[in-house]
Amino acid sequence: MTIGRAEKAEVPETGPEALDALGPLEGVIAAQVKRHRLDAEMSAAELAARAGLSKAMISKIESASTSSSLTTLQRLAQGLNIPVTALFQGADTEREATLTRAGEGSVTVRSGTRHGHEYRSLGSLKRRDRAIEPSLVTLTSASDVFPQFQHVGTEFIYMLEGRMVYGHGSYEYELRPGDSLVFEGEGPHGPLRLVELPIRFLAVTAP
């Protein structure tokens, strides 16, 4: 009677029809498996033995030519002595960012803009409905026009240059360079008196 060698139990993987749809996730898993294996100074054969998989399967996983099941990922994590989540590190790194160079940024037309009041947007995130809105406000000339604003959320002001008296509701605050003010946007607010020109301050609104 001939006794054959015991084969390692394979965990069923995604069928051929799904392999055509392999995406970035398989590449991330492949890179993480190989990185952790090399960091542990472990050969593919050693990892296969620890994880209960074949060396051929380890090769497929590290070349991103197969889509691993959750059971296989769990076995790999155990073989590498790492949490399963470590295999997905880097899979969700695409996030929106906006860079605004010095002197750039769109000028927002608001009441008072024509009177030497410039509100320059410093960037926004298009994919987020509720995000902060930073602006650089420059007041270069005194006028009788002091627009008052009201909006939902909160606002933060940080003085960069000049001096002014800023109103919020029934209160007045004299602001100098380095001063900051945080307040609820629902209350009427805005510059009341421009004491020393030019005036520049950073204004950040948040929902």
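With 0.36 nm allotted per residue and the present C-alpha distance subtracted, the VAL182-GLU96 stretch has 28.3 nm of extension available.
Full extension of the segment from GLU174 to THR85, taken as 0.36 nm per residue of separation minus the current Cα-Cα distance, would add 26.9 nm. In this simple spin-label model, placing a label point 7 Å from the Cα along the Cα-to-Cβ direction at both ALA40 and ARG127 gives a separation of 3.3 nm. Taken along the Cα-to-beta-carbon direction at a fixed 7 Å, the label points for LEU192 and HIS151 span 2.2 nm.
Length available on full extension from SER106 to LEU202: 0.36 nm per residue minus the Cα-Cα distance, which gives 33.1 nm.
Since every read-out is calculated from the coordinates, none of them should be taken as a lab result. The structure displayed is predicted, hence computed values, not measured ones. Note: ideal-geometry Cβ built from the backbone for every residue, glycine included; neighbour counts use all protein chains shown.
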